[in-house]
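The numbers here are math on the coordinates, done by the rules we state, and not lab data. Remember, predicted model here, so these are calculated numbers, not experimental data. Cβ placement follows ideal geometry from the backbone for every residue including glycine, while neighbour counts extend to all protein chains displayed.
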Amino acid sequence: MTLIEKLLIYFVGLIMLTAGITLTILADVGAGAWDALNVGLADVIGLSVGNWVIIIGIILIFVNALLVNQKPKLFSVLAIFLIGLLIDTWLSILTPVISSESTLGKYAVFLVGMCTIALGVTIYLKPQYPQNPIDMLMLSLHDRFGWNLLVAKTVGEVAALGLALLVGGPIGIGTLVITFGIGPLIQLFDPIVTRGFRRRPWYTANTH
């Protein structure tokens, strides 16, 4: 597969990931732990949600390096800048559109967003291009401690949940659902996406 095709898959995954994040924020039933942290910091300190995504991401790049005892993967800054920019873009596009007042409607938006996040993560990781430092944390915990993706992702989410509570981020039922449900969803989508890509010449199956 050509470089352009690999880049296309990478960007499609990032677009899906950030659209899903935005939907879970706008559903107003509790954002994912990392997103609640970013929203809380934006409310308390200022700057946009996307800017805090970038700042937290840069910090995580160094945390991940410590976990796996390697040099910081500074190329991942590219991914986090794209994600921060895309989240701010999606917020500006979807905020006027997502305005459900019914509880059922809010949870429907939330569930669509959560599934979109999991699928987006699974897709954009496949070309093995620069990764979101949050997902690198999942992979770093997997490599460092031998945990599967489900456990590694959940541990990261629980850590972020504690920080989000400290800054008064939008915590709710949705936060708990993502904290304990996003790992299993990624674990569910991973083999499905892998089967779809495994015959592609650019794709080398990994152990994640």
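Stretched out fully, how many nm does the piece from Phe81 to Ile58 gain, at 0.36 nm a residue minus the Cα gap? Write out the running numbers ahead of the final one.
Details: separation 23, 0.36 × 23 = 8.28 nm, distance 0.95 nm.
The Phe81-Ile58 span can extend by a further 7.3 nm.
Among Thr175, Val155, Val53, whose Cα sits farthest toward the positive end of the charge dipole of the chain (+1 at Cβ of Lys/Arg, -1 at Cβ of Asp/Glu, about the Cα centre)?
The residue sitting farthest along the positive end of the dipole is Val155.
Which of Gly113, Gly50, Gly105 moves the most in a Gaussian network model of the chain with Cα springs under 10 Å?
Largest GNM mean-square fluctuation: Gly105.
How high is the relative contact order of the range 143-185? Use alpha-carbon pairs under 8 Å, at least six apart in sequence, and give a whole percent.
Relative contact order, the range 143-185: 56 percent.
Please list, in order along the range 94-108, the HN-Hα scalar couplings obtained from phi with the Karplus expression 6.51 cos²θ - 1.76 cosθ + 1.60 (θ = phi - 60°), rounded to whole Hz, x for Gly and Pro.
For the range 94-108, the Karplus curve yields 8, 4, x, 8, 8, 9, 5, 9, 7, 4, 4, x, 5, 6, 5 Hz.
If I take all pairs of Cα atoms in the chain, what percentage of them are more than 20 Å from each other? The partial results should precede the final answer.
Values: 11843 of 21528 pairs.
In whole percent, the share of Cα-Cα pairs in the chain beyond 20 Å is 55.
Enter the Cα centre distance for the pair the range 1-51 and the range 121-200, rounded to the nearest angstrom.
13 Å
Just subtract the alpha-carbon distance of Thr95 and Asn148 from 0.36 nm times their residue separation and send over the number in nm, one decimal.
15.5 nm
Which of the lysines could a cross-linker span from Lys6 if the Cα-Cα distance has to be under 23 Å and same-chain partners fewer than 8 positions apart are dropped?
The reachable lysines, counting only those whose Cα sits under 23 Å from Lys6, are Lys73, Lys126.
Just to be sure I understand the model, the point goes 7 Å from the Cα along the line to the Cβ. What's the resulting Phe180 to Val112 distance in nm?
2.7 nm
Between Ile45 and Ser102, what length comes free when the chain is fully extended (0.36 nm per residue of separation minus the Cα-Cα distance, one decimal in nm)?
17.4 nm
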